[in-house]
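Quick notes on the structure that follows.
Every number here is computed from the coordinates shown, using simple stated rules; none is lab data. All of these numbers come straight from a predicted model, not from anything done at the bench. Counting neighbours? That spans all protein chains shown, and the Cβs are built from the backbone with ideal geometry, glycine included.
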Amino acid sequence: MPGNCDRCWLDLTDDPRRVDDRQHPLSGSLGTVKHDNRNLEQWQYEVTSGGRIWYAIDDTETTIWLTRVAAGHPKASERRNR
């Protein structure tokens, strides 16, 4: 798994808004998250077939905030739960 984690780090630090087979914005109510009283875009990165990292993009601080890291697929992002 170190290979997948390294790829994730490189992808997120290179272009946190790239859309591809591993990286995409979350939709619906999961598409934004509140941080420091601001609404930020929330994205998902698929590290493994089940492992996910959710992150928020903070353009003001030039920062990526990790909002959820899960070894299994988060149930909240399944279509029936949105």
Item to check | Close pairs from segment 28-56: first without any contact (Cβ under 8 Å) to a residue 60 or more places away in the chain and in a strand (DSSP E or B), partner of a type in the set (Asp, Glu) and surrounded by 15 or more Cβ atoms within 10 Å (Cβ to Cβ), Cβ under 8 Å, at least 6 apart | outcome: THR32/GLU41; HIS35/ASP58; ARG38/ASP58; LEU40/ASP58; TYR45/ASP11; ARG52/GLU46; ALA56/GLU41
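Identify all residues within segment 1-26 that are in a loop (DSSP other than H, G, I, E, B) and either in contact (Cβ under 8 Å) with a residue 60 or more places away in the chain or touching a helix residue (DSSP H, G or I) at 6+ places or on another chain (Cβ under 9 Å) (or both); write none if there are none. Let's see the steps before the verdict.
As a first pass, look at segment 1-26 and keep what is in a loop (DSSP other than H, G, I, E, B): 1, 15-22, 26.
Within segment 1-26, ARG18, ASP20, ARG22, LEU26 qualify.
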